[in-house]
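Right, one structure below, let's go through it.
Read-outs throughout are calculated quantities, based only on the coordinates presented, and are distinct from any laboratory measurement. Just so it is clear, the model here is predicted, and its values are computed rather than measured. With ideal geometry, Cβ positions are generated from the backbone for all residues, glycine too; neighbour counts draw on all protein chains shown.
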């Protein structure tokens, strides 16, 4: 096993034994690692759980100016605050990505469109635009 896999597995053990949740600082102490490596373990654990489990790792506010609490859950009531927060975050990022890719396409006036990078920019732009439109329809901001 790699150190990265070990951190992921150790994080899972910590979370399974901490039903009240843990902070990233608790993780850093338990895993004896940096903040960056703790975040990598969080990322790795979410990907690993997403491959086969109905349980996910969520984080929720823990009071003003307090580190967020991470916990394992498979229940909608416990996951919902995290989902709502993440949806807002993703929608903001999609807007930024769409604006940036629009600017790139406009600025290059099609130059580079035959390059792999140029093709990726156009695909990302097209799919992000479509996703944003679908989300706006779902939210009732555009006519269906």
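Which of 55, 87, 104 moves most in a GNM of the chain, Cα contacts under 10 Å? Of the options given, 104 has the highest mean-square fluctuation.
Put the Cα centre of the stretch 92-144 next to the Cα centre of the stretch 14-47 and the gap is 34 Å. For the stretch 63-93, the residues whose backbone nitrogen is under 20 Å from a point 7 Å from the Cα of residue 16, taken along Cα to Cβ, are 70-75. Neighbour counts of other Cβ atoms within 10 Å put 28, 1 in the fewest-to-most order 1, 28.
Using the Cβ-Cβ distance between residue 46 and residue 108 with R0 set to 25 Å, the FRET efficiency works out to roughly 0.10. Labels on offer are (1) 107; (2) 158; (3) 189, and the one holding volume of the Cα convex hull per residue in Å³ computed from this structure is (3). To the nearest ten degrees, helix 3-16 and the longest principal axis of the Cα atoms of the chain are 60 degrees apart. Dividing the summed -39500 (n - 2.57) terms of all DSSP H runs of n ≥ 4 by the residue count of the chain sets its mean residue ellipticity at 222 nm at -23000 deg cm²/dmol. Here the calculated FRET efficiency for residue 5 and residue 35, from their Cβ-Cβ distance with R0 = 22 Å, stands at 0.70, rounded to the nearest 0.05. By the count of neighbouring beta-carbon atoms within 10 Å, fewest first, 24, 90 end up ordered 90, 24.
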